[in-house]
Structure formats: C-alpha cells, structure tokens
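The values are calculated or read from the model by the stated rules, or taken from the named source; none is laboratory data. Keep in mind the model is a prediction, meaning the values are calculated, not measured. All Cβ positions, even for glycine, are placed from backbone atoms using ideal geometry, and neighbour counts span all protein chains on display. For accessibility, only protein heavy atoms count, side chains too; no ligands or nucleic acids. Shrake-Rupley method; radii C 1.70, N 1.55, O 1.52, S 1.80 Å.
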Amino acid sequence: MRIDRIKLVTELKRRDMTQKRISELSGVSRTTINYICAGKSCTDEVGQSIAEALGVEVTEIIED
C-alpha cells in the first residue's frame with residue numbers, strides 16, 4: 001500500500017499532530033512514519049493503523 005504523502009501531511013497539519021504523536025497513537029515507529037512521508041510504501045496493516053489514529057478511512061489517505 002502506498003499512502004499519499006501529501007494527504008498524510010495535510011491530515012497531520014489539520015489535526016495539529018506531529019509525526020511523533022501519530023507514531024504514538026498508531027503504534028507505528030517514527031522511522032516508518034518518516035519513510036511513508038518520504039513516499040515509501042507500507043503494509044496494509046500499517047496503513048490501517050495510521051488511518052485509525054487519524055480518525056479517517058484508509059481510502060482517504062492512500063494514493064489514487
């Protein structure tokens with residue numbers, strides 16, 4: 001799965017949330033969050049965890 005980094009950063013800004021905070025809430029390491037923000041892909045489970053921590057559907061943050 002590839003999370004759209006622009007959508008992710010937008011959601012983080014909208015919620016005034018740092019990469020550290022989304023890492024804590026989702027249980028995903030900061031390193032993985034950094035990789036995703038740099039455009040790397042992730043597993044479906046990681047994508048789902050991030051979406052849940054943001055309070056959005058995973059389809060709202062994945063690449064089209």
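At a probe radius of 1.4 Å, what is the per-residue accessible area of Lys20, in Å² to the nearest 10?
Result for Lys20: roughly 110 Å² accessible.
Among the aspartates and glutamates, which fall within straight-line cross-link reach of Lys20, defined as a Cα-Cα distance under 20 Å, with same-chain neighbours fewer than 8 residues apart omitted?
Result set, ordered by chain and number: Asp4, Glu11, Glu45, Glu52.
Using only alpha carbon pairs under 8 Å that are at least six residues apart, calculate the relative contact order of the chain and give it in whole percent.
Here the relative contact order equals 49 percent.
Tell me which label goes with the value of semi-axes √(5λ) of the Cα gyration tensor in Å computed from the coordinates here: [x] 18, 15, 12; [y] 14, 13, 11; [z] 16, 12, 11.
[y]
Along the Cα-to-C-beta direction of Arg2, a point sits 7 Å from the Cα; which residues of region 34-64 have their amide N less than 14 Å from that point?
Only 36-43, 62-64 pass the distance filter.
Which distance in nm do the two modelled labels at Thr59 and Thr43 give, with both placed 7 Å along the Cα-to-Cβ direction?
2.4 nm
Run the helix sum for the chain: -39,500 (n - 2.57) per DSSP H stretch of 4+ residues, divided by residue count, reported at 222 nm to the nearest 500 deg cm²/dmol.
So the calculated ellipticity at 222 nm is -16500 deg cm²/dmol.
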